[in-house]
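The values are calculated or read from the model by the stated rules, or taken from the named source; none is laboratory data. Just so it is clear, the model here is predicted, and its values are computed rather than measured. In this analysis, Cβ positions are derived from the backbone assuming ideal geometry, glycine residues included, and neighbour counts consider all displayed protein chains.
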Amino acid sequence: MNCPRCQMANPEGAKFCLNCGNQLEAQVRVDGERRYVTVLFADVVDSTGLGERLDPEQVAEIMNGAFAFLNASVKKYDGTVARLLGDAILAFFGAPVAHEDDAERAVRAGLDIQAAASEYAKVVKVDYGVDFDVRVGINTGLAVLAAVGDEIRTEYTAMGDTTNVAARLQSAALPGTVLISADTYHLVKQLFELRPRGGAMVKGKSAPIVTYEVLAPRAVPGKVRGLEGLTSPLVGRAAEFKRVNDKLNEVREGRGAFVAVIGEAGLGKSRLLAEVSESAKSGPQVAWLEGRALSYGQAVTYYPWRQVIREAIGAQDGEAPEVVREKLHRDAVCGAMPEGEPQYLEVILSVESDATLEALTALEGDALVEHITRAARGYLRASASLMPTVIVLDDLHWADTASLDLLLGVAGLVEDLPLVITCLLRPDKDAPSWSAIERVRSKLSGPYTEILLEPLDAAHSKELLGNLLYIEDLPESVRNLILDKAEGNPFFVEEVIRSLIDSEYIVQENSHWRATREIVNVTIPDTLTGVLSARIDRLPENTKHVAQTAAVLGRIFAYRALMATCAAAPPSEQIEDVEPHLGVLTYEELVRERVHDPELEYIFKHALTQEAAYELLLIRRRKELHRRAGEVLEHLYPEQRGELAPALAYHYRLGEEWQRAADYAMQAGAQAVKVYAMREALAYYDNAYEALTKIHDPSPEQLCDAILGWTPAALRVKPYQEVVNRLEEAEKIARELGDESRLAWVLHWIGNAYISNGFPTRGMPALFEGHQLAERIGDERLTLVATFWMTAGMIDRDPRGGLEQLEYVLEAARKYHNRELEAHALAKKAMAHARLGEFAEARDAVKHAQEVTRTTDSVMNGADVALMSSQAFFDMGDVQRGLEYSRRGTEQALSGYGLECAMYGHYCTGIGNLHSRNLDEAQRAFDSALKLLPDFVPDLQGREQVANEVHAGLAITHFFSGRTEAINDMESALANADAVGDEYTVAFIAQALGEGYTQLGDFERAKQHLDTALDYYRRNDMKPYLARGLKSSASLHEAQGHVAEAERELAEAGKLMEELSLPPVHPPGSSHLDADEPQPAVPPDR
């Protein structure tokens, strides 16, 4: 075994190093690792033919000679011969120790094999009289490296598709050649002369494998890319430092700012702020508070803000909730806040008292978020009032959406307070943090500063290299190679140099660095992952296992948790004392001490270092370590399991401990819902559901609850059919359980899923059944949506009574913070007021409905509200405004694929154009509505009036376009509406029929239909409709020669028009469907 101090090889079983006397520790046995390797497969051509022509002893002599040069060629380039196969060898490069140029080494070994085989063939021909050739295949990729076998024989080998492809490439190679895959080609194409060989069909592969034949090393090889760095004064960031430091000086003068520092990993975002933090220590005092987002899936809600507040109040991680609460309420800043607000900071800190929990029960959704945001704003306002304050949020690209929403809520404070908010993030345009910063940029103008960190230019990179490692005799070619490889990334410069030091190409003598002669031959690691893997491989074996265990725990890990996780391993893997290994890792600068009190914590110096250590672990071993980590955290922190629920869910999920993963994910989901962090809730409940589906006999109640917890957030971001499908699974469970409460909730959400996605008729059966169940169990919240839709139908029969019922719906919607329902009810209220001629109230309701729907972030809610608003404006005679709303609502519905809603939008547009006498546009709109009907009519379950209304509108358009035979279609539509008791549509069609029959001279039928419409309008006090109906009736009387009756009805209509402040009624005989008069509205949305 190698000594971890001096690397001297010692015999197995030695307790002390024979060179330096260091105590040696028995190596932990681990079954294998996942590694990126290059596999070489070499085979002697036609070995079977040799056996037929030669004596077995002669064949053995030939093969022994072949194995001699095969093995020597692999060993020359530090490859590992994994297996001798009678007439072939399997070798790999990159394990058990990785090199930065393993692909190159494998190809060179292949060429050496062919060169040796060519010479050996001459000997074989002379001595045995037969031909001799070798084929070589090489492939690069992921493989599992492990010791396989039993107690009799064990070998260290690479398993997986990478090895299989290498063997197939060897079979496809021509005798005497080296054939490589495209994966290997991309790593060595600058170093060798290559000839494309096209695609080779490989057994087990659906597509050909692209191959290249290696001809020879290039006479002048190209450059192979590489990367990274050490410690130095800040280089090349003077301008960026000044911009941030200027904001520090400005905040001392009372001016705030929002600063976004954006750059790729390793460009020095954190280093830049560390320099500014040092600068802040001189000069007038400022409060400098930092928070960092977690890297594993935004697991803890408000985590960066929790760190900020903890630092502000002097609370330490691991302290009991009551201790943190006491520090919070004793904090001077909290003392300056309005009474009642500090309790919402308890929510951010996850240390709620019983009183706070009781207060939270009265709040849901947006209301709770508003309180939390108000409290955070109050705290920052109070802090900045007491002392200029700087908030630094690092790794914002990993932040949870609740933290980002809070950031958006407090960003505006910098406009009038001595407060600087600085965010550090990567330019990941798919991350929620990117859109959050874009919103801040658009919200703020003057106070917003954006700093984009770019790679260092050549001069600054060279300066950095000189600062880190001044070597007088460092060859210029090597200096340029390092700088070219690093590409201006300071972290990459650091890691490349460290690789050279670790490989002893650069050595330190008497505090002076010098380059060894071999440095001209070194190949810088091609990728940063390769650099880090190489560094990890050079660690003593047990130290490497400690690093990998720490990587499982996270980038930040507690000493106590690491020690317990290593100690809890099976006896063959146990490491009782991790301190010496942490010493090595600290010395190697892979980790550093983060905090010492109240509990010792370490942090990987770079997140990529943690990831590299983690990626080496076999999947099976990752599972074991995650499971063990979860058990250790439960044991060490029994009082903090609630706060640790996200981390415990994470470890048990990756450890495939499914029941505990589900339990903790449900807890984490409930915590996220409590603070309205819906995206986090979605992920937690989704993980809980997936975990439960992997259990043989899961609790049906828990499975149903996981679906119900997942649904509110899923409706915002998932395809509605996916949501409905999962809800139908929950419905089946609830019915089998006979659980009315769960069933009521499931049916409530099924109804909402359809309604909120523009298919209200599909959702009605579930909604009304859920309403019945909710009334039976006494849950008012579940009755609201169904009550609204029943009230919507009531508007047709009794607008005044419907208004009274809508007030109840609005009050309850506000009570339970249901903004979508509130917006719907306000828009429906506008319709009712408009029908009654109460236009001021209608316009006010439209205005408030639009304001509320904008807060819902729901496309379909916005579409519904727009269409109901359009109907209100049609009734008020503002047809153009109504058309604007109908077109907007239709476009929104189509964008969300709400086809039923979109169909109704086309219908509303058709009615508006009918009012405007734009009959061609009206027909196009009705035709568009008819095209969408087949998409959902089969699901309407008898509610054919939806289709009937569209046909009625089209028939009216046809009639007034001159197709008098359409009067029969109008009669048919009237009969259909009457059959289902749709009085509003009956009156609408009857009035149009009255006008039509008047034109045709059938006065008796005209009077019959107009009387029907007028009776409905009078009974329901629908003044705009009555004025329009009276005008139509006056036209009939004029056509009959009944002048007195016509004048009487015109006078009554005129009085109504004056009362409603509408344009005056035209005398009898004027054209039908005048655009400047009150028009019959569309039937209500169904």
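Figure legend. Inter-residue proximity from segment 664-685: first residues at pLDDT below 90, second residues not in a helix (DSSP H, G or I), beta-carbon distance below 6 Å, spacing 6+ or different chains. Indicated pairs: A672/T301; V675/T301; A677/T301; E680/T301; E680/D400.
Take P447 and decide whether it is modelled with pLDDT under 85, under 39 Å from the mean Cα position of the chain (by Cα) and of a type outside the set (D, E). Reasoning before the result, please.
Working: modelled with pLDDT under 85: no; under 39 Å from the mean Cα position of the chain (by Cα): yes; of a type outside the set (D, E): yes.
No, not satisfied.
Do we have E811 as surrounded by fewer than 21 Cβ atoms within 10 Å (Cβ to Cβ) and in a helix (DSSP H, G or I) here? Answer is yes for this residue. Considering (1) at pLDDT 80 or above; (2) surrounded by fewer than 18 Cβ atoms within 10 Å (Cβ to Cβ); (3) outside the structural domain of L111 (by TED's automatic domain parsing), the lone condition that V210 does not fulfil carries the number (3). Within segment 528-538, the set of residues being within 19 Å of I575 (Cα to Cα) and either surrounded by 21 or more Cβ atoms within 10 Å (Cβ to Cβ) or at pLDDT 90 or above (or both) comprises just one member, I536. Under the condition of being buried (at least 23 other Cβ atoms within 10 Å of the Cβ) and not in a helix (DSSP H, G or I), the residues counted in segment 163-180 number 4.
On the basis of being surrounded by 21 or more Cβ atoms within 10 Å (Cβ to Cβ), assigned by TED's automatic domain parsing to the domain that holds W398 and touching a strand residue (DSSP E or B) at 6+ places or on another chain (Cβ under 9 Å), does V244 make the cut?
On the way: surrounded by 21 or more Cβ atoms within 10 Å (Cβ to Cβ): yes; assigned by TED's automatic domain parsing to the domain that holds W398: no; touching a strand residue (DSSP E or B) at 6+ places or on another chain (Cβ under 9 Å): yes.
In short, no.
Results for (1) touching a Gly at 6+ places or on another chain (Cβ under 8 Å); (2) among the small types (G, A, S), shown as yes or no for each residue.
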residue	(1), (2)
D982	no, no
K1023	yes, no
G1041	no, yes
E1058	no, no
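Quick one: in segment 122-145, which of the residues that are over 60 Å from the mean Cα position of the chain (by Cα) and among the aliphatic types (A, V, I, L, M) is surrounded by the fewest Cβ atoms within 10 Å (Cβ to Cβ)? Result: V126.
Please indicate, with yes or no, whether at least one residue in segment 406-414 is touching a Gly at 6+ places or on another chain (Cβ under 7 Å) and over 26 Å from V347 (Cβ atoms). Checked against the condition, which is being touching a Gly at 6+ places or on another chain (Cβ under 7 Å) and over 26 Å from V347 (Cβ atoms), segment 406-414 yields no hits at all.
In segment 41-80, what count of residues is obtained for those that are among the basic types (K, R) and assigned to a loop (DSSP other than H, G, I, E, B)? Walk me through how you get there before you give the answer.
Narrowing segment 41-80 to residues among the basic types (K, R): 53, 75-76.
Now narrow it down to the ones that are assigned to a loop (DSSP other than H, G, I, E, B): none.
Going through segment 41-80 one residue at a time, the tally reaches 0.
Yes/no per residue for (1) at pLDDT 90 or above; (2) surrounded by fewer than 24 Cβ atoms within 10 Å (Cβ to Cβ); (3) closer than 26 Å to I989 by Cα:
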position	(1), (2), (3)
G862	yes, yes, no
Q880	yes, yes, yes
E891	yes, yes, no
C901	no, no, yes
Y904	no, no, yes
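E589 fulfils the conditions (1) surrounded by fewer than 20 Cβ atoms within 10 Å (Cβ to Cβ); (2) in a helix (DSSP H, G or I); (3) modelled with pLDDT under 85 except for a single criterion, (2).
Scanning segment 871-883 for residues that are under 42 Å from the mean Cα position of the chain (by Cα) and over 15 Å from E841 (Cα atoms) yields Q880, R881, G882, L883. Tell me which residues, restricted to segment 554-579, are surrounded by 15 or more Cβ atoms within 10 Å (Cβ to Cβ), touching a residue at least 24 places away in the same chain (Cβ under 8 Å), of a type outside the set (D, E) and part of a helix (DSSP H, G or I). Within segment 554-579, Y559, R560, A561, L562, A564, T565 qualify. I'd like to check something: does segment 623-645 contain any residue that is of a type in the set (S, T, Y), on the phi < 0 side of the Ramachandran plot and in a helix (DSSP H, G or I)? The answer is no; no qualifying residue exists.
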